[in-house]
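This report refers to the structure that appears directly beneath it.
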Amino acid sequence: MRAAVVNAFGGPEQVEIVRVPVPRPAAGQVRIRVAAAGVNPVDGAVRVGVFGGAGTRLGLGWDVAGEIDEVGPGVTGWSAGQRVVALHYGPVKPLGTHAEYAVLDASAVAAAPATVDDAAAAALPLSGLTAARAVGLLGLAPGSSVLVTGAAGVVGALAVQLAVRAGLVVTALAGEADEEFVRSLGATEFVPRGTAAAGPVDGVVDAAVLGEPALGFVRDGGVYVGLRPHAGPAAERGIRVVEQEVAADGAHLAELVHLVDEGALTLRVAQTFPLADAVKAHALLAEPGTRGRLVLTAAWS
């Protein structure tokens, strides 16, 4: 099969399409014939060496939407032909989901949304699980106020929707051109990027990874949730600082799929590329201002 990998760290040109043996699922695993796979900022971080792994081949891709092709020993509840989504967690791995087939633990898999296509479905696992975990870690009661930074981004937009669903009063921080969009997601207040909020909030979901500036929006004794491990600001003023790390969780992903099918979560795809054009996708990933997830598809032309 063909797969996108990096054998040396650097820019988008380091992404290579190689031929490798089709992997076989071990006990407790399934093999998915990949229809679409999201291209996330974490893929760019793997490519430039943020997570290490120098001297080894590193597979790219965390999100996957496709069809189960084979199940490993001991797997129950899944069978060949089922349309699924999953998160293939881990930055240092020989193969990811940017490939024609991907092998994952069955516990990471959920039935795919019935109401969206494969490209949109592939935008859900990593971003959805990240946003949902961040909102949950706020630990705030309904009616509490929360600021979401980077609210027009993929993770931020999902966090806005999930926070509203949790009964929180959401202020969205984004570029001025994105005000109408984030308000359509349920945000009641809007803060243009680079300006100060009208007043302190009970909590912040820092999807834009602003760090200390985002902490400044939080009231004394509030909560800050960061989305990048070991990158959060130092706690001050009694603020609880939480740095969350996503995990592959098929049961939680299934809950998010249900919300998509209910129409309660909006997924956005900025552009799709055939797997052969993975370099082009990485080049666009490095440019600012993309709205929606970039997605690689199984097409070759």
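The values are calculated or read from the model by the stated rules, or taken from the named source; none is laboratory data. Everything numeric in this text was worked out from a predicted model, so none of it was measured. Here Cβ is always computed from backbone atoms with ideal geometry, including for glycine, and neighbour counts include all displayed protein chains. These area figures cover heavy atoms from the full protein model, side chains too; ligands, DNA and RNA do not enter into them. Shrake-Rupley method; radii C 1.70, N 1.55, O 1.52, S 1.80 Å.
Among (1) crowded, with 18+ Cβ neighbours inside 10 Å; (2) not in a loop (DSSP other than H, G, I, E, B), where does residue 279 come up short?
(1)
So, in segment 1-59, exactly how many residues are of a type in the set (A, V, I, L, M), open to solvent by 20 Å² or more (accessible area, probe 1.4 Å), under 30 Å from residue 75 (Cα atoms) and touching a helix residue (DSSP H, G or I) at 6+ places or on another chain (Cβ under 7 Å)?
1
Examine segment 40-51 for a residue that is in contact (Cβ under 8 Å) with a residue 60 or more places away in the chain and hydrophobic (A, V, I, L, M, F, W, C), and state whether such a residue exists.
Yes: one or more hits.
Hey, any hits in segment 39-51 for a residue that's modelled with pLDDT of 95 or more and under 17 Å from residue 298 (Cβ atoms)?
Yes, the conditions are met somewhere in segment 39-51.
Which numbered condition in (1) under 18 Å from the mean Cα position of the chain (by Cα); (2) part of a loop (DSSP other than H, G, I, E, B); (3) more than 22 Å from residue 274 (Cα to Cα) is the only one that residue 110 fails?
Only one criterion in (1) under 18 Å from the mean Cα position of the chain (by Cα); (2) part of a loop (DSSP other than H, G, I, E, B); (3) more than 22 Å from residue 274 (Cα to Cα) is unmet by residue 110, namely (2).
Please work out if residue 81 is surrounded by fewer than 19 Cβ atoms within 10 Å (Cβ to Cβ), touching a residue at least 24 places away in the same chain (Cβ under 8 Å) and not basic (Lys, Arg).
no
Of everything in segment 171-185 that's of a type outside the set (S, T, N, Q) and open to solvent by 30 Å² or more (accessible area, probe 1.4 Å), which residue is nearest to the chain's Cα centre (by Cα)?
Among them, the one singled out is 181.
If you go through segment 63-105 one residue at a time, how many are of a type in the set (Gly, Ala, Ser), within 26 Å of residue 18 (Cα to Cα) and touching a helix residue (DSSP H, G or I) at 6+ places or on another chain (Cβ under 9 Å)?
Going through segment 63-105 one residue at a time, the tally reaches 6.
Restricting to segment 277-293, name every residue that is within 20 Å of residue 150 (Cβ to Cβ) and of a type in the set (A, V, I, L, M, F, W, C).
Hits for segment 277-293 are 284, 285, 286.
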